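**Q** Questions regarding the structure given below will be posed in turn.
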Amino acid sequence: MPAVGGISSGGSKAYPGSLTPFVTVTCIVAAMGGLIFGYDIGISGGVTSMDPFLKKFFPSVYNKKNLDKTTNQYCQYDSATLTMFTSSLYLAALLSSLVASTITRRFGRKLSMLFGGVLFLVGALINGFAQGVWMLIVGRILLGFGIGFANQSVPLYLSEMAPYKYRGALNIGFQLSITVGILVANVLNYFFAKIHGGWGWRLSLGGAMVPALIITIGSLVLPDTPNSMIERGDREKARAQLQRVRGVSDVDEEFNDLVEASEASLQVEHPWRNLLQRKYRPHLTMAVLIPFFQQLTGINVIMFYAPVLFSSIGFKDDAALMSAVITGVVNVVATCVSIYGVDKWGRRALFLEGGVQMLICQAVVAAAIGAKFGTDGNPGDLPKWYAIVVVLFICIYVSAFAWSWGPLGWLVPSEIFPLEIRSAAQSINVSVNMFFTFVIAQIFLTMLCHMKFGLFIFFAFFVLVMTIFIFFFLPETKGIPIEEMSQVWRAHPFWSRFVEHEDHGNGVEMGKGPLKV
């Protein structure tokens, strides 16, 4: 039985340097890459609750929602075509993240971010001018390609650029941008839905061009990371860049560790195959299970379909959109809590507290919806106070996710990988995330129709499992330099049996045989 494990924060090395204004501004600009992902999450749920949009592209759903009063409330949005519109993006993001791994490694993080912005921009244009479902889905696929590139490169960029003492807070800027994107999309949906003539959905979808332009222009002006420069053989510029981002001239120790890691990385001909080596077992496990559990929290059910979900549990259209705005505000505020606390309280504490809070809220929401809607989905006259209670607990649930599994699901995988497998492992992380986002998006409305309020119990079960997983298997990574991260696995009671005992250098395993425990 593995013991609860981690090591105390603060590695054996403490590289000099501080949080410079240059790094702060750079990381803020780079983190805005999350806007495209967040905007899309928020916008897709909103437009699918707008009647003019449904009437034009999904008339069967429109009829079930507005004309067929015999339809179970839980099932009014159950449409394979409608869910394909939403989920096709995530399948495309999965595929593009695999390609992005090679581009990120060979040509730098900036080029991947540029590709992400341009592809997302084209997809937004196609969706804004869509005349048929096929144009919607083609646009969504291009949006997905853009998100795959951005999600692969931005967290890596932030983790490599930030001083290790502030890595958590700066990396969570990516998640903050996602939440801001969701909130902006929800607010725009609320107002665009009121436009006379029923064409507001075009502004919602086409508005994705704005965050796309932000990441496109940002990628052109951002400096590259010292890690990436060294990886591509430009060591002199890398040293100068490292001095600039750390704000000190004495960077020899960190620079030498980066060079050593890069040399080991260049000897790796097949990083994908290397991921399967025994010494990378903990890294691969986290790259798969953290994004898997992140999606099985049920958060994307809330964020994709917040207006649809609130409409299905008795809110009118305006109230549904406004409820989505409220959850969006909660999401942003709670993410700021994580930025404040992640380097103070640690990753494990936030993971565990968030898991317990989400579990309690899902149980309460399931009971509240089950008691009023039963299995026929007909609540009768839903008291206003009752609806407020449901929204309140959903907001408490969203806040728990926003300061735990939301930001940490991107932060922890991006900071634990050695340089030689970093791009490939991050692609695994993004691919698993996108795959299960696709699956959940594709089957959620059908699951809601058949499982009804039991859907929240389904997700609560996974929240329980993932919280137990974190308790036993995730070491604390707070305050550990990114190139020193291997020590957390060697010190862990369970993972130490897989990680080879190495000379303590840059965190690259050098193989002296496995440490027996």
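**Q** Across the range 125-155, what is the total count of residues that are open to solvent by less than 10 Å² (accessible area, probe 1.4 Å), under 20 Å from the mean Cα position of the chain (by Cα) and more than 30 Å from P481 (Cβ to Cβ)?
**A** Number satisfying all stated conditions: 4.
**Q** So, in the range 352-383, of the ones that are of a type outside the set (G, A, S) and not in a helix (DSSP H, G or I), which residue ends up modelled with the lowest pLDDT? Don't jump to the end; show me each part of the working.
**A** Going residue by residue through the range 352-383, those that are of a type outside the set (G, A, S) are 352-353, 356-362, 364-365, 369, 372-373, 375-376, 378-379, 381-383.
Narrowing the set further to residues that are not in a helix (DSSP H, G or I) leaves 375-376, 378-379, 381-383.
Values: T375: 59, D376: 58, N378: 57, P379: 53, D381: 61, L382: 61, P383: 69.
Here the answer is P379.
**Q** Looking at E263, E269, E236, can you tell me which residue is farther than 30 Å from V180 by Cα, modelled with pLDDT under 70 and acidic (D, E)? Spell out how you get there, then give the answer.
**A** Values: E263 fails: modelled with pLDDT under 70; E236 fails: modelled with pLDDT under 70.
Only one candidate qualifies: E269.
**Q** Limited to the range 326-349, what total is found for residues that are open to solvent by less than 10 Å² (accessible area, probe 1.4 Å) and of a type in the set (A, V, I, L, M, F, W, C)?
**A** If we filter the range 326-349 for residues that are open to solvent by less than 10 Å² (accessible area, probe 1.4 Å), which is where we start, we get 327-328, 331, 334-335, 338, 341-342, 346-347.
Then drop every residue that is not of a type in the set (A, V, I, L, M, F, W, C), which leaves 334, 342.
Qualifying residue count, the range 326-349: 2.
**Q** Inside the range 407-435, can you point out the residues that are hydrophobic (A, V, I, L, M, F, W, C) and under 20 Å from P226 (Cα atoms)?
**A** Residues of the range 407-435 hydrophobic (A, V, I, L, M, F, W, C): 408, 410-412, 416-417, 419, 421, 424-425, 428, 430, 432, 434-435.
Correct list: L411, I416, F417, L419, I421, A424, A425.
**Q** Here's something else I'd like to know. Assess whether F120 counts as being open to solvent by 50 Å² or more (accessible area, probe 1.4 Å) and aromatic (F, W, Y). I'd like the intermediate steps shown before the answer.
**A** Details: open to solvent by 50 Å² or more (accessible area, probe 1.4 Å): no; aromatic (F, W, Y): yes.
Here the answer is no, as F120 does not meet what is asked.
Residue-by-condition table, conditions (1) crowded, with 24+ Cβ neighbours inside 10 Å; (2) within 26 Å of L111 (Cβ to Cβ):
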{"site": "L170", "(1), (2)": "yes, yes"}
{"site": "L183", "(1), (2)": "no, no"}
{"site": "F191", "(1), (2)": "no, no"}
{"site": "P226", "(1), (2)": "yes, yes"}
{"site": "E260", "(1), (2)": "no, yes"}
{"site": "N274", "(1), (2)": "no, yes"}
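**Q** Based on what the data block shows, is S177 open to solvent by less than 10 Å² (accessible area, probe 1.4 Å), under 20 Å from F22 (Cα atoms) and part of a helix (DSSP H, G or I)? Explain how you work it out, then say what you get.
**A** Working: open to solvent by less than 10 Å² (accessible area, probe 1.4 Å): no; under 20 Å from F22 (Cα atoms): yes; part of a helix (DSSP H, G or I): yes.
Answer is no for this residue.
**Q** Give me the pairs: first residue in the range 477-497 and more than 20 Å from S262 (Cα to Cα) and touching a residue at least 60 places away in the same chain (Cβ under 8 Å), second residue open to solvent by 10 Å² or more (accessible area, probe 1.4 Å) and of a type in the set (D, E), beta-carbon distance under 8 Å, and six or more apart or on different chains, which are they?
**A** Once the first residue is more than 20 Å from S262 (Cα to Cα) and touching a residue at least 60 places away in the same chain (Cβ under 8 Å) and sits in the range 477-497, its partners that are open to solvent by 10 Å² or more (accessible area, probe 1.4 Å) and of a type in the set (D, E) give K478/D343; G479/D343; V488/E476.
**Q** If you take the residues of the range 240-256 that are among the charged types (D, E, K, R) and surrounded by fewer than 21 Cβ atoms within 10 Å (Cβ to Cβ), which of them is nearest to G34 (Cα to Cα)? Reasoning before the result, please.
**A** Start the filter on the range 240-256 by keeping residues that are among the charged types (D, E, K, R), which leaves 244, 246, 250, 252-254.
The next check asks that each one be surrounded by fewer than 21 Cβ atoms within 10 Å (Cβ to Cβ); those that pass are 244, 250, 252-253.
Numbers: R244: 25, D250: 33, D252: 33, E253: 32 Å.
Filtering first and then ranking leaves R244.
**Q** Among the numbered conditions (1) open to solvent by 10 Å² or more (accessible area, probe 1.4 Å); (2) part of a helix (DSSP H, G or I); (3) more than 23 Å from F436 (Cα to Cα), tell me where T81 comes up short.
**A** (3)
**Q** I'd like the residue in the range 198-224 that is part of a loop (DSSP other than H, G, I, E, B) and of a type outside the set (D, E, K, R) and, out of all such residues, is surrounded by the most Cβ atoms within 10 Å (Cβ to Cβ). Step through it out loud before you land on a result.
**A** Start the filter on the range 198-224 by keeping residues that are part of a loop (DSSP other than H, G, I, E, B), which leaves 198-199, 207-208, 222-224.
Within this subset, residues satisfying the condition of being of a type outside the set (D, E, K, R) are 198-199, 207-208, 222-223.
Values: G198: 14, W199: 12, G207: 20, A208: 26, L222: 21, P223: 17.
My answer is A208.
**Q** Report yes if A349 is modelled with pLDDT of 75 or more, among the small types (G, A, S) and more than 23 Å from N189 (Cα to Cα), otherwise no.
**A** Working: modelled with pLDDT of 75 or more: yes; among the small types (G, A, S): yes; more than 23 Å from N189 (Cα to Cα): yes.
Considered against the rule, which asks whether it is modelled with pLDDT of 75 or more, among the small types (G, A, S) and more than 23 Å from N189 (Cα to Cα), A349 comes out as yes.
**Q** Now, a different point. Taking the range 275-310 as the region of interest, how many residues are in a helix (DSSP H, G or I) and modelled with pLDDT of 80 or more? Write out each step before concluding.
**A** Here is the first cut: in the range 275-310, the residues in a helix (DSSP H, G or I) are 278-295, 299-310.
Add one more test, that the residue is modelled with pLDDT of 80 or more, and what stays is 278-295, 299.
Summing the residues that are in a helix (DSSP H, G or I) and modelled with pLDDT of 80 or more in the range 275-310 gives 19.
**Q** Of all residues in the range 156-165 being in contact with a Leu (Cβ under 7 Å, 6 or more places away or on another chain) and crowded, with 24+ Cβ neighbours inside 10 Å, which is modelled with the lowest pLDDT? Even if it seems obvious, please write down each step before you answer.
**A** From the range 156-165, those in contact with a Leu (Cβ under 7 Å, 6 or more places away or on another chain) are 158, 162-163; that's our starting set.
Remaining after also requiring crowded, with 24+ Cβ neighbours inside 10 Å: 158, 162.
Numbers: L158: 90, A162: 86.
For the range 156-165, the residue satisfying everything is A162.
The values are calculated or read from the model by the stated rules, or taken from the named source; none is laboratory data. From a predicted model like this one, the values you see are computed outputs, not experimental measurements. No Cβ is skipped: glycine too gets one built from the backbone with ideal geometry, and neighbour counts run over all protein chains shown. Accessible surface areas use protein heavy atoms only, side chains included; no ligands, DNA or RNA. Shrake-Rupley method; radii C 1.70, N 1.55, O 1.52, S 1.80 Å.
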